[in-house]
Amino acid sequence: LDGQLKGQPGEENILSWETFPYTALSKTYNSNQQVSDSAGTASAILSGAKTKAGAIGVNQLVPRGDCQASNGNHMDTIIELSEKAGLNTGIITTARITHATPAAAFAHVPERDWENDGEIPSAQKEHNCKDIALQFVDFPLGDGIDIAFGGGRANFIPKNEKDDQGSKGRRQDRRHLINEWKNKHHNGQYVWNHNGFDKLDLTGKGPVLGLFNPSHMKYEADRVEDSQPEPSLPDMTKKALQILQKKDGGYFLLVEAGRIDHGHHGGNAY
């Protein structure tokens, strides 16, 4: 499409990442299927071992959706290893931060769809599996994840409450995880719109959480049309680097352009 918009046939066009000085190849199959999904492959990238489609941070011995089987079969993630090593950590995505790829950096769950407690079947809840949003807030290592920018606000809010934009939450346990995160991190900064994002204290010692949409963040083409647009992926990355580079000890930062994937799913080149 980019080539055709320039008046060419299209196939000979060069996209930005085709001009990068280095290119890496990876085989993205899951342990149980050839056509991969983001949960199993992100887990492989961030934990170092292939696993089943739909699984996040658990090994290939775990049947999908089996909470009891997942106990004792967790794989250490690079975020966990970084925190144990004293590094600072960050996650940026244009998808929900509870979505498969960012979740694989910090969560251990046998079903990628368990983004909030309402998605976990009652029979599986008996085995004490935590949903992905709760695992983010309860992250047990170091001082927690230092920076997280993305969407997915509804998974942190009770379904009988609304967020700052008037959108309903999706949690059934009545827990308001954003407030719990604030109470846990008194020196932290939480933002949900571009105004708050612009006013972030880059020298703050505490963690930073930005949830800019109830679900996935907007496509870039839609984002730029808003009078108060959500932060762009480059803006979020630059801000995260400005914060992380001021901290001691080095850092690990995961950056995902998640909505490109969704455009591919929809066959939408635009």
Subject >> Given (1) among the charged types (D, E, K, R); (2) surrounded by 20 or more Cβ atoms within 10 Å (Cβ to Cβ); (3) touching a residue at least 60 places away in the same chain (Cβ under 8 Å); (4) more than 26 Å from Arg223 (Cβ to Cβ), number of the condition Asp143 does not satisfy >> reply: (2)
Subject >> Selection count, the stretch 221-264, where residues are part of a strand (DSSP E or B) and open to solvent by less than 50 Å² (accessible area, probe 1.4 Å) >> reply: 4
Original post:
Only one residue in Lys218, Lys182 is under 22 Å from Lys238 (Cα atoms) and either modelled with pLDDT of 95 or more or part of a helix (DSSP H, G or I) (or both), so which one is that?
Top reply: Lys218
Original post:
Among all residue pairs at least 6 apart or on different chains, which show Cβ distances below 6 Å where the first residue, located in the stretch 90-110, is within 12 Å of Val255 (Cβ to Cβ) and the second is aromatic (Phe, Trp, Tyr)?
Top reply: Ile92/Phe149
**OP:** Would you check which residues across the stretch 78-89 are in a loop (DSSP other than H, G, I, E, B), hydrophobic (A, V, I, L, M, F, W, C) and touching a residue at least 12 places away in the same chain (Cβ under 8 Å) and list them?
**Re:** Leu87
Original post:
If Cys129 passes every condition in (1) under 16 Å from the mean Cα position of the chain (by Cα); (2) at pLDDT below 95 but one, which one does it miss?
Top reply: (1)
**OP:** Scan the stretch 1-55 for residues that are among the β-branched types (Val, Ile, Thr) and either touching a residue at least 60 places away in the same chain (Cβ under 8 Å) or exposed (fewer than 12 other Cβ atoms within 10 Å of the Cβ) (or both) and jot them down.
**Re:** Ile14, Thr19, Thr23, Val35
Subject >> Residues located in the stretch 187-208, provided they are part of a strand (DSSP E or B) and in contact (Cβ under 8 Å) with a residue 40 or more places away in the chain >> reply: Val208
Subject >> Selection from the stretch 67-77 of residues that are open to solvent by 50 Å² or more (accessible area, probe 1.4 Å) and part of a loop (DSSP other than H, G, I, E, B) >> reply: Asn71, Gly72, Asp76
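The values are calculated or read from the model by the stated rules, or taken from the named source; none is laboratory data. Worth saying up front: this structure is predicted, and the values here are computed from it rather than measured. Counting neighbours? That spans all protein chains shown, and the Cβs are built from the backbone with ideal geometry, glycine included. When the accessible area is computed, the model is the full protein with side chains, heavy atoms only, and any ligands, DNA or RNA have been set aside. Shrake-Rupley method; radii C 1.70, N 1.55, O 1.52, S 1.80 Å.
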